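The values are calculated or read from the model by the stated rules, or taken from the named source; none is laboratory data. In this text, all values refer to a predicted model and were calculated from it rather than measured experimentally. FYI the Cβ positions are ideal-geometry reconstructions off the backbone, even for glycines, and counts take in every protein chain you see.
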Amino acid sequence: MIIGRMLRKDFLRKKLITIVVFAFIFLSALLVASGTNLIVELSNSLNALFTRANTPHFVQMHAGPLDQAEIDSWAAANDMVADQQTVKMITMDGSNLYLGESQNPEENSIMDISFVTQNEGFDFLLDLDNNIIQLSPGEIAVPVYYSQQRDLAIGDKVRVNTGAEDMVFAITAFSRDSQMNPAIASSKRFLIHEQDYANLREYIDETEYLIEFLLVDDSQISTFASAYQASDLPKIGPAVDQGLFRILNTLSDGLVAGVVILMSLLLIVIAILSLRFTLLATIEEDTREIGVMKAIGIARSDIRRIYLAKYVVMGAAAALLGYLTSLLLNQVLSANVLLYIGSASKSVLQTALPLVAASSIFLIVTISCVVILRRFNRISAVEALRSGSVGESMRSIPMLNLKRGRALNINAYLGVRDVLQRTRLYGLLAFVFFFCAVIIIIPIHFLTTIQSPTFISYMGTGQSDIRIDLRQSEDVADRFDSTVAYLTADPDVAKLSPLVTSQFTIMQSDGTLETLNIETGDFSLFPLDYVKGTVPQQENEIALSFLNAGEMEKQIGDTVTLVIEGQEREMVVSGIYQDITNGGRTAKATLPYNPQTVIWYTVNLNLASDANIEEKMLEYSQIFDPARVTDTASFVSQTVGNTVQQLKTVTVVTVVVGLALSVLITSLFMMMLITKDTNQIAIMRSLGFSLRHIRTQYLTRALFLLAFGIVLGTLFSNTLGQQLVSVVFSLQGASRIRFVIDPLQAYGIYPLLLMFTVAVTTILSTRSGIKETNIAQMIME
Amino acid sequence: MTALLESQQLCKSFVLGNDNEYTVLSDVDLTIEPGEFVSVMGPSGSGKSTLLYNISGMDRAKSGRVLFNGQDITALSEEELSKVRLTGMGFVFQHIHLLKNLSIFDNVVLPAYLALEESHDQIDQRAEALMEQVGVAHLAGNDITQASGGQLQRVGICRALINDPDILFGDEPTGALNSKAAGEIMDLLAEINKSGTTIMLVTHDVRVAARSERVLFMLDGQIVSEKYLGKPSENGTERKEREESLSSWLTELGF
């Protein structure tokens, strides 16, 4: 009862401060519980999806002729194989596909679209209830990706222009594809009935295959993969395994969960720092009362318990509210998971772990308070009664006498001086400003970098005006030759570089054979920025992508053994470059390629200075159809377009969060600081300092700290921040990201925005606090 | 001669927690001439400190006027009033109230650096001269923790005088000092008054009040009586008589 009254009284005394600290603890508990729930949900749902879909352990994509009997006999002879099937896919050109009401075909889509029928053995395409889809003729199941991207609904139409006639299908289901589900997977499978498939086959005969295997023991995937690569079985295309499917499916939501939990941890750090500051200020205010309590014999531990009670109750209430609110937020955060992967029945872990996570926040708060309240030990009853102060530690800095600050306005000088004298006190604010600067600047730098045309250097290719990509087809080699011939004769072309990517066999250090995609051609025309070494120039030189070099454990000067037509060929690693495309695993060399193993053809070209790029792109699109003709900017934006959109959203969010955080902490800190400084303010006002003078001092303190935070934050972002982004991106193949900086935004607009926000917040939050300082009352007390 | 400081029907009240209004000053009329040395005495709760703070502009009265050098300071804005107090008034407190994050010298010069009516060098020279005069020049570079109570009160007086104010207010300036230090402070204040600075003190100490030329007695928020003692002599020989005269007067008033 007494504690209840005490808590209520204390809350009414410092409403805003209590609310702000409560809010931080609440948010931290909310985010950690939600993040934890998302991780558990993701894991459970994915397991359920993979089980239901019976996802293959190993898949070899292949474009070209195929001997199924050869595959059957190899599989039968291999003990590791439990089951095998070959999925035939009709490759659909986007320019022939119309979705829903749209009159525009999918020709500009970056997705590789195929039409398939439902498998019989495994690798099932599931509907949104995770049931195996069964269709009737005229029906189609569209990948769930399109329900979002094209706003499609059940009953909408899908039209295929076969050239001879239009085939129209009705969407009766949206499919979950355990292999190609997520947006970052660039291939999508549309499911149709066998009869429709046979009809479509009559018009479109471009076929790709998925040679799929279920293994007896899924721990043998890598052994099996090596065995397959060493065999003579078809392998014109990338090989993927279940591990990669899991990564692709969890990457986006996993990243969200990671960011959410990281935010939670940062918020709890800020909450603890705020709590520390609040508690210390409260102890400072109540020193005399504490001295009285000690003097009349109340034990230290009992006094401590009284103060602890408030924050334990607040921490418990905030953590509990955070957990309960997370039950609502979970719906929002899990929306993507529920759509793309589906849900699994709730496990005990899924219920318990978020609660444990939220409880850990409460525990952290309580332990922090116990540690902070050890300060009571230092309060002597006599000293407290006499001076009413615990005696704040202040750095004595003789060189900061008033004489030194003559060049400045006296109030500005007093403001700066106070920060330098009480650095420990201002630690919280400095840390928050630094943090706000970092979370604003890094995403801005990253966004500028990824939108810059120079970003192409992280995609394994040099910068050119136009890029032409020829897709795999029966006559692609002829089309490539004619394309090169045409461009060579085109007077508008200043220079061109034909490049061919084909599969080679590489012998690893342990003697196992694997495939390696190697791009061949002249790389000197459109140079690439190498992380180490240089472009391969001799026929025995090879450059490796960063991820390949890491996996093969190769450095400059090391050798790589290729097996070409049964003969071993040593290649010297001349350079290592960055490439985030194609899983980050590519290579470059100048040796001749095998036309039988070509995967794709590319032509990079620069136009003459008087040529119009738009007109030439249109010309080439028509002449080289169905080749994909793009300029560098489009190529980059199509490849990383989704990432750019997400990054823009993230940037907006971090700017808002940074500004909101700076407002909250500045107002909390300034209000507490004024309470702490009441005596000093009263003395200055008694001397003739006006409210404006005092406000200038506090404004100077805030802006001085902010400037410090921004400078430090900028330095951090440009150095360690850049390295951090490189580390994250190195997982995709770009190990050395160099920020492209827009100084106007990064050093002008956003810092000014932050300064304006902090200045306004400081003025508003100090206004009433200073004004209410009744000099006479304070002096007389 | 125009009065330096004048209050006209000054009223001040406080509202207590249960919304009851408690009157502290009730229609106080007071005039202080330039060069006067006035003390205000009375029992606890009589309103003497409240009068001091309201008449010096540190607190806002409920009603009434205060004229300082003919200007109605109750009608001034907060900014204007601060400027008047900064340059025209000095204040000495019982608990001195120096800023703990400044050295002793910086505490003295701070009001002058804010007003900046002279150059910094001139201010510094004046501060050094003042501190020399009161005997604390050797403490200039020290922290405020490195001086005795009496020394700190002298510093407080220097601070109050740095802008050459027209009037010096004191709220129990010797209240926290031992008798020797108190005596020294009063000698100093007498000297300051002799040089022309008007002084108004609040005190409960007869020995302090006896050093002034006029004593006001307050009771229940009003000035109920006044005694004129006249200017003290140069050598202070009649100090004891002044104290006895004052004590008798106070006894008659029932204090």
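Considering A:A318, A:A295, which residue is among the hydrophobic types (A, V, I, L, M, F, W, C) and surrounded by 18 or more Cβ atoms within 10 Å (Cβ to Cβ)? Full working, then the answer.
Details: A:A295 fails: surrounded by 18 or more Cβ atoms within 10 Å (Cβ to Cβ).
None of the other options fit; the residue is A:A318.
Which ones in the stretch A:726-748 are of a type outside the set (S, T, Y) and over 12 Å from A:T448 (Cβ atoms)?
Initially, the stretch A:726-748 is screened for residues of a type outside the set (S, T, Y), giving A:727-729, A:731-734, A:736-746, A:748.
The answer is A:V727, A:V728, A:F729, A:L731, A:Q732, A:G733, A:A734, A:R736, A:G748.
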Residue among A:I506, A:I444, A:I439, A:I466 that alone is touching a Ser or Thr at 6+ places or on another chain (Cβ under 9 Å) and without any contact (Cβ under 8 Å) to a residue 60 or more places away in the chain: A:I506
Residue satisfying all of: in the stretch A:688-707; at negative phi and assigned to a loop (DSSP other than H, G, I, E, B); nearest to the other protein chains (Cβ to nearest Cβ) among these: A:S690
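Which of the residues that make up the stretch A:159-181 are at pLDDT below 90 and among the charged types (D, E, K, R)? Please lay out each step first, then the result.
Within the stretch A:159-181, the subset at pLDDT below 90 is A:161-166, A:180-181.
Result: A:E165, A:D166.
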A:L673 being crowded, with 18+ Cβ neighbours inside 10 Å, away from chain B (no Cβ under 14 Å) and in a helix (DSSP H, G or I): no
Residue count for the stretch A:83-96, restricted to those that are modelled with pLDDT under 90 and of a type outside the set (D, E, K, R): 5
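Yes/no per residue for (1) touching a Gly at 6+ places or on another chain (Cβ under 8 Å); (2) touching a residue at least 60 places away in the same chain (Cβ under 8 Å):
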| site | (1), (2) |
| --- | --- |
| A:Q567 | no, no |
| A:G575 | yes, no |
| A:D579 | yes, yes |
| A:R585 | yes, yes |
| A:N594 | no, yes |
| A:N604 | yes, yes |
| A:S609 | no, yes |
| A:E615 | no, no |
Testing A:G511 on (1) of a type in the set (G, A, S); (2) over 34 Å from the mean Cα position of the chain (by Cα); (3) closer than 20 Å to A:T461 by Cα, one condition comes back false. Which one is that? (3)
Can you tell me which residue within the stretch B:15-41, out of those that are within 14 Å of another protein chain (Cβ to nearest Cβ) and touching a helix residue (DSSP H, G or I) at 6+ places or on another chain (Cβ under 9 Å), is surrounded by the most Cβ atoms within 10 Å (Cβ to Cβ)? B:L25
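Conditions tested, residue by residue: (1) under 27 Å from B:T87 (Cβ atoms); (2) among the β-branched types (V, I, T); (3) part of a loop (DSSP other than H, G, I, E, B).
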| site | (1), (2), (3) |
| --- | --- |
| B:F169 | yes, no, no |
| B:T174 | yes, yes, yes |
| B:A182 | no, no, no |
| B:E191 | yes, no, no |
| B:I199 | yes, yes, no |
Can we say A:S226 is in a strand (DSSP E or B) and touching a strand residue (DSSP E or B) at 6+ places or on another chain (Cβ under 8 Å)? no
Residue list for the stretch B:151-172, filter: among the charged types (D, E, K, R), surrounded by 22 or more Cβ atoms within 10 Å (Cβ to Cβ) and either closer than 20 Å to B:G183 by Cβ or more than 10 Å from every other protein chain (Cβ to nearest Cβ) (or both): B:R154, B:D171
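With the condition kept exactly as written, say whether any residue in the stretch A:307-318 is at pLDDT below 80, out of contact with any strand residue (DSSP E or B) (no Cβ under 7 Å at 6 or more places or on another chain) and part of a helix (DSSP H, G or I).
yes
Residue-by-condition table, conditions (1) among the acidic types (D, E); (2) exposed (fewer than 14 other Cβ atoms within 10 Å of the Cβ); (3) within 30 Å of A:I556 (Cα to Cα):
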| position | (1), (2), (3) |
| --- | --- |
| A:Q578 | no, no, yes |
| A:R585 | no, no, yes |
| A:P592 | no, yes, yes |
| A:I599 | no, no, yes |
| A:N606 | no, no, no |
| A:K616 | no, no, no |
| A:R628 | no, no, no |
| A:V636 | no, no, yes |
For the stretch A:34-51, indicate whether the set of residues that are of a type in the set (S, T, Y), modelled with pLDDT of 85 or more, on the phi < 0 side of the Ramachandran plot and surrounded by fewer than 22 Cβ atoms within 10 Å (Cβ to Cβ) is non-empty. yes
Residue list for the stretch A:28-69, filter: in contact with an Asp or Glu (Cβ under 7 Å, 6 or more places away or on another chain) and assigned to a helix (DSSP H, G or I): A:L38, A:L42, A:A53
Restricting attention to the stretch A:111-166, the residues that are β-branched (V, I, T) and part of a strand (DSSP E or B) number exactly 7
If you check every pair at least six apart or on different chains, which have Cβ atoms under 8 Å apart with a residue in the stretch A:410-432 that is within 11 Å of chain B (Cβ to nearest Cβ) first and a residue that is among the small types (G, A, S) and in a helix (DSSP H, G or I) second? A:Y413/A:G405; A:L414/A:G405; A:R417/A:G405
Can you name the helices (runs of 4 or more DSSP H) wholly within the stretch B:42-150 that have at least 1 residues being more than 9 Å from chain A (Cβ to nearest Cβ), closer than 30 Å to B:G254 by Cβ and in contact (Cβ under 8 Å) with a residue 24 or more places away in the chain? B:48-55
Within the stretch A:538-562, which residues are of a type in the set (S, T, N, Q), in contact (Cβ under 8 Å) with a residue 24 or more places away in the chain and surrounded by fewer than 14 Cβ atoms within 10 Å (Cβ to Cβ)? A:Q538
The stretch B:81-106, residues that are of a type in the set (D, E, K, R) and under 13 Å from the mean Cα position of the chain (by Cα): B:R85
From the list A:I763, A:I770, A:I683, A:I710, pick out the single residue that is within 14 Å of chain B (Cβ to nearest Cβ), at pLDDT 85 or above and in a helix (DSSP H, G or I). A:I683
Condition check for A:P56: touching a residue at least 24 places away in the same chain (Cβ under 8 Å) and surrounded by fewer than 20 Cβ atoms within 10 Å (Cβ to Cβ): no
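Just need a number here: residues in the stretch A:595-638 that are in a strand (DSSP E or B), under 20 Å from A:A63 (Cα atoms) and among the acidic types (D, E).
If we filter the stretch A:595-638 for residues that are in a strand (DSSP E or B), which is where we start, we get A:598-607, A:628-631.
Next, from what is left, pick out any that are under 20 Å from A:A63 (Cα atoms): A:598-602, A:628.
Restricting the remaining residues to those that are among the acidic types (D, E) gives none.
Matching residues across the stretch A:595-638 total 0.
Looking only at the stretch A:411-460, how many residues end up being under 21 Å from A:L273 (Cβ atoms) and in a helix (DSSP H, G or I)?
First, pick out the residues of the stretch A:411-460 that are under 21 Å from A:L273 (Cβ atoms): A:418-440.
Narrowing the set further to residues that are in a helix (DSSP H, G or I) leaves A:418-421, A:427-440.
Total meeting the criteria: 18.
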How many residues are closer than 22 Å to A:D205 by Cβ, among the hydrophobic types (A, V, I, L, M, F, W, C) and under 32 Å from the mean Cα position of the chain (by Cα) when one looks only at the stretch A:98-135? 3
Reported set for the stretch A:148-168 where residues are free of Cβ contacts under 8 Å to residues at least 60 places away in the same chain and more than 22 Å from A:D205 (Cβ to Cβ) is A:Q149, A:R150, A:D151, A:L152, A:A153, A:I154, A:G155, A:D156, A:K157
